[in-house]
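Report on one structure; see the data block that follows.
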Amino acid sequence: MTVTSYFLPASMPDALALLDAHGPDLLVMAGGTVAMPLINEGISLPRLVMGLRHAGLDGIERVGDELHIGATATLTSLLEQRESILLRSAAARTGSWSIRNMGTVGGNLFTPPPGGDIATALLALDARVVVRSARGSRTVPLGAFQTGFMTVDLRPDELVTSIVVPLDTGPVTFLKVGRKHANTPAVVSIAIHLALDAGTVTAARIALGAVGPHPLRAPRAEAAITGARLEAPTIDAAAAAAAADSNPFDDAVASAWYRRRMVEVHVRRALTELAARTTGRDE
Amino acid sequence: MNVSGSHRFAAPRASVFAAICDPATLMAVIPGCEAVQQTGPAAYEGRIALRLPGAVGSYRTSVRLVDVAAPHRAGMEGDVVGAMGSIRGRADFVLRDAGDATELTWRGDAVIQGPLARLDSRFAERLAESLIDQGLRALAARLELATAPLATAPLATGRATQAITEGPE
């Protein structure tokens with residue numbers, strides 16, 4: 001079986017109408033960096049494909065204290081924006097230039113681990129996913145949108161149209177551990193967003209990528225630093241808690257055992273770096 | 001493909017067992033399941049529509065309950081057939097009392113044929129375990145709902161997660 005129809009809708013309503021008509025038989029493609037390898041290798045055999053390049057979903061706009069990112073905004077455009085340091089850092093460590101030119105922010109929410117570095121950063125920023133269909137729209141926190149390995153909370157007639165990101169207000173860091181420095185799948189990626197008051201952590205979001213069925217929060221690590229100062233014993237406890245919070249897997253990149261060890265080592269490094277940076281700021 | 005897992009249900013063993021053997025309940029909890037019908041005393045057929053990243057399609061499913069020892073253990077033999085290939089295999093599950101709760105452990109063994117077989121087997125195993133885990137979580141939510149007082153019970157749903165807000169953006 002080969003592709004019999006390739007649709008290129010010129011607007012979001014046109015795209016939603018196509019999804020409404022063809023539902024689960026329509027393969028939706030944004031950048032194509034996930035779908036095309038599967039199609040080229042003959043694993044995925046879609047009959048109907050819809051490209052979103054012309055659907056007008058590629059804008060990035062600041063609205064108040066939030067960033068509205070169109071689902072097909074490329075990772076290169078994320079690298080070029082100046083509103084979110086964390087998202088820029090994550091984009092810089094994701095894929096190669098050619099992948100970033102094609103890959104999209106919306107598509108990254110669907111990329112199976114060890115991919116999904118952008119989704120990890122978005123999770124640390126408490127992003128929300130806007131989902132539309134011909135029936136209406138709904139907004140889902142990213143943490144609830146991703147339901148399992150390669151599965152999301154999306155009905156057959158629904159389309160992810162944008163991602164709403166509260167802008168980072170406190171110190172942030174993104175750290176990716178791979179086998180190579182650049183263009184590498186993650187052993188683990190770590191995104192942290194803190195709120196500090198006179199050196200005490202008042203709120204923490206620690207997101208871990210490539211160590212679970214989808215990017216995960218590390219709730220016990222967050223609890224370990226919330227209400228405390230970023231000092232060595234607290235950081236050590238949080239790093240150990242993050243390793244316990246992770247749910248890693250074996251693949252060709254790394255073993256589950258190694259991934260869990262790297263979570264502890266690199267959460268410690270990330271928090272130590274944040275502590276040094278924020279202490280400098282206080283002084 | 002060898003897969004396994006476990007799940008804890010806050011419900012009595014007999015009701016967990018009955019739910020697993022009930023096609024209407026199965027239809028509500030299997031991700032993407034569109035239809036299940038009973039075709040024999042312990043045989044069911046269904047259709048599952050899966051929209052995965054980079055791959056879409058419908059799969060015809062047939063399942064047969066075998067070696068049933070209610071409410072302790074049962075096996076399911078069956079196949080899933082679609083454009084991407086077929087999966088044929090068997091899953092066995094065992095239920096144990098754990099205080100007021102029920103502990104379910106399961107183990108599956110399947111052969112993948114067709115284009116799907118080109119996937120890294122670990123990749124296919126993670127996907128299968130994830131789908132089954134989502135089904136069991138949704139089943140647990142339904143069973144807890146059935147045993148919860150009506151006044152505090154949330155709206156029944158077969159979906160693993162809930163949208164937080166609905167309406168125009």
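Exactly one condition in (1) in contact with a Gly (Cβ under 9 Å, 6 or more places away or on another chain); (2) surrounded by fewer than 19 Cβ atoms within 10 Å (Cβ to Cβ); (3) on the phi < 0 side of the Ramachandran plot is false for residue A:17; which is it?
The single condition residue A:17 does not satisfy is (1).
Quick test for you: out of A:263, A:201, pick the one residue that is among the β-branched types (Val, Ile, Thr), within 28 Å of residue B:127 (Cα to Cα) and modelled with pLDDT of 95 or more.
Checking each option against the conditions leaves just A:263.
Which one of these is among the aliphatic types (A, V, I, L, M) and touching a Gly at 6+ places or on another chain (Cβ under 6 Å): A:195, A:218?
Working: A:218 fails: touching a Gly at 6+ places or on another chain (Cβ under 6 Å).
Of A:195, A:218, the one residue that is among the aliphatic types (A, V, I, L, M) and touching a Gly at 6+ places or on another chain (Cβ under 6 Å) is A:195.
Any idea which of B:80, B:63, B:29, B:94 is under 22 Å from residue B:142 (Cα atoms) and touching a Phe, Trp or Tyr at 6+ places or on another chain (Cβ under 6 Å)? Quick ask: steps written out before the conclusion?
On the way: B:80 fails: under 22 Å from residue B:142 (Cα atoms); B:29 fails: touching a Phe, Trp or Tyr at 6+ places or on another chain (Cβ under 6 Å); B:94 fails: touching a Phe, Trp or Tyr at 6+ places or on another chain (Cβ under 6 Å).
Only one candidate qualifies: B:63.
Given B:28, B:49, B:117, which one is assigned to a helix (DSSP H, G or I) and either within 9 Å of another protein chain (Cβ to nearest Cβ) or surrounded by fewer than 19 Cβ atoms within 10 Å (Cβ to Cβ) (or both)?
B:117
So how many residues does segment A:1-48 have that are facing another protein chain (nearest Cβ under 9 Å), closer than 13 Å to residue B:57 by Cα and touching a strand residue (DSSP E or B) at 6+ places or on another chain (Cβ under 6 Å)?
The number of residues fulfilling the criteria is 8.
For the condition over 21 Å from residue A:104 (Cα atoms) and within 14 Å of chain B (Cβ to nearest Cβ), what is the one hit in A:199, A:136, A:227, A:143?
Testing whether each residue is over 21 Å from residue A:104 (Cα atoms) and within 14 Å of chain B (Cβ to nearest Cβ) leaves just A:136.
Examine segment A:263-282 for a residue that is within 14 Å of chain B (Cβ to nearest Cβ) and either outside any helix (DSSP H, G or I) or within 26 Å of residue A:184 (Cβ to Cβ) (or both), and state whether such a residue exists.
Pass one, segment A:263-282, residues within 14 Å of chain B (Cβ to nearest Cβ): none.
Looking through segment A:263-282, none of the residues is within 14 Å of chain B (Cβ to nearest Cβ) and either outside any helix (DSSP H, G or I) or within 26 Å of residue A:184 (Cβ to Cβ) (or both).
Give all pairs with beta carbons closer than 9 Å in which a residue from segment A:269-283 that is under 16 Å from residue A:200 (Cβ atoms) meets a residue that is modelled with pLDDT of 95 or more and among the basic types (Lys, Arg); count only pairs at least 6 apart in sequence or on separate chains.
Sorted first by the residue in segment A:269-283, then by its partner, the pairs are A:275/A:229.
Residue A:184 fails exactly one of the following numbered conditions: (1) surrounded by fewer than 19 Cβ atoms within 10 Å (Cβ to Cβ); (2) hydroxyl-bearing (Ser, Thr, Tyr); (3) in a strand (DSSP E or B). What is the number of that condition?
(3)
Take residues that are over 11 Å from the mean Cα position of the chain (by Cα), of a type in the set (Ser, Thr, Tyr) and crowded, with 23+ Cβ neighbours inside 10 Å and tell me which of the strands (runs of 3 or more DSSP E) falling wholly in segment A:91-172 contain 1 or more. Steps first, please.
Working: elements: A:128-133, A:136-141, A:146-148, A:159-166.
Output list reads A:159-166.
Can you tell which of B:161, B:105 is among the β-branched types (Val, Ile, Thr) and at pLDDT below 90?
Numbers: B:105 fails: at pLDDT below 90.
Every option except B:161 fails the conditions.
The values are calculated or read from the model by the stated rules, or taken from the named source; none is laboratory data. This one's a predicted model, so the numbers in the text were calculated from it and none came from an experiment. A quick note on method: Cβ atoms are made from the backbone with ideal geometry, for glycine too, and the neighbour counts reach across all protein chains shown.
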